[in-house]
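Single-structure report; data block below.
The values are calculated or read from the model by the stated rules, or taken from the named source; none is laboratory data. Just so it is clear, the model here is predicted, and its values are computed rather than measured. Note that we place each Cβ from the backbone using ideal geometry, even for glycine, and neighbour counts take in every protein chain shown. Ligands, DNA and RNA are stripped out before the accessible areas are found, and what is left, the full protein with its side chains, is counted by its heavy atoms. Shrake-Rupley method; radii C 1.70, N 1.55, O 1.52, S 1.80 Å.
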Amino acid sequence: MRWCSLLVALSAACLMGRSSAAADAPPHVVLLIGEDEYQTEKTLPAFADAELASRGLRLTAVHSDVQDPNRFPDLANALDQADLLVVSVRRRTPPAEQLQRIRTYIEAGKPVVGIRTASHAFSLRSNQPPPAGHAAWPEFDARVLGGHYTNHHPAPTENARTIVWIKDEAKTHPILVGLPQGEWSVGSSLYKTRPLGESTKVLLMGRFEGGQTAEDRAAEPVAWTNTDYRGGRVFYTSLGHPDDFKIAAFRRLLLNGVFWALDRTVPDKKN
């Protein structure tokens, strides 16, 4: 009996040791990339290497297949080990089993960060049906991100900029640590995202300076959080143009969003 008790105790200790080791392991961030508009196949991994890996996070980039843009090789294995999914995908309808893998991850209440075209990641224009054997998720924007993407304003120019600023009510949010307190211009065209879901918290607002009508000049949400879908932490920003990755404020925003989604302390300004 004493041997049995000893074996049970040793087994429990081993399990606790493995659980403790898993708990102490650096978070694993999976970058899901599949779009042809904003070069995030280059900018996002470069950002992640410089800003996330340098702070101890583990990274895996899953790119869409060059021969079959709807397919994401090695997705299943990466998601099985993911602590955070970062989505930069535009109008892709993956094979049904791959999209189900993504849905299973998210529906488990795990965190998500979406940038730019993630608002129309898994749907085709006019809700066209996907190819045979593939699947769409047009509700991803509204249900998971809490957004309402409909279109976008023209690309910014020297005389018609996209301007963003922190929303007054959100100034103390950790995702906004280290960001400018005034207005700043970005490289992205302004997405039309109103109205957002009731469970969202808007962090940044934006406007297009070149609007000719009152509607064109109306401010739009540019970054927000959503914690309503299965309880997972979700952060989204409609920014993500290549020029945005050259802006310290945007890089800080994305860095903070990743750490917030992981429920980790946002790094100090000096780190």
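Just a few scattered comments:
- Accessible surface of residue 41 - all protein chains present, 1.4 Å probe, nearest 10 Å²: 80 Å²
- Cα-based Lys pair tally, the chain, threshold under 28 Å, eight or more apart or on separate chains: 27
- Relative to the Cα centre, the charge distribution of the chain, modelled as +1 at Lys and Arg Cβ and -1 at Asp and Glu Cβ, gives a dipole magnitude of about 560 debye.
- Evaluated over the Cα positions of region 50-147, the convex hull gives a direction-averaged projected area, one quarter of its surface, of 6.8 nm².
- Couplings 3J(HN,Hα) for region 114-127, derived from phi with the Karplus relation 6.51 cos²θ - 1.76 cosθ + 1.60 (θ = phi - 60°), are x, 10, 6, 6, 4, 5, 9, 5, 10, 9, 9, 4, 6, 6 Hz, where x marks Gly and Pro.
- Ranked order, 141, 216 - accessible area, probe 1.4 Å, largest first: 216, 141
- In the chain, helices alone account for a calculated mean residue ellipticity at 222 nm of -7500 deg cm²/dmol, with every DSSP H run of four or more residues adding -39,500 (n - 2.57).
- Accessible area of region 136-271 belonging to carbon and sulfur atoms, whole % at 1.4 Å probe: 45 percent
- Ranked by solvent-accessible area (1.4 Å probe, protein heavy atoms only, all chains present), the residues 247, 166 order from largest to smallest as 247, 166.
- The residues of the chain expose on average 49 square angstrom of accessible surface per residue, using a 1.4 Å probe on protein heavy atoms.
- Extension reserve of the residue 151-residue 128 stretch, reckoned as 0.36 nm per residue once the Cα distance is removed: 6.6 nm
- In this view, the solvent-accessible surface of residue 239, computed with a 1.4 Å probe and all protein chains in place, comes to about 0 Å².
- Estimated inter-spin distance, residue 243 and residue 169, nm [label 7 Å along Cα→Cβ]: 3.1 nm
- Rg in Å to one decimal, and Dmax rounded to a whole Å, for region 113-218 via C-alpha atoms: 15.8, 49
- For residue 114, the amide hydrogen comes within under 5 Å of the amide hydrogens of 87, 235, 236, 237, counting only partners 5 or more places away or on other chains and with H modelled in the peptide plane.
- Convex hull of Cα atoms in the chain, direction-averaged projection (nm²): 17.9 nm²
- The distance linking region 161-198 with region 218-271 is 10 Å (Cα centroid to Cα centroid, whole angstrom).
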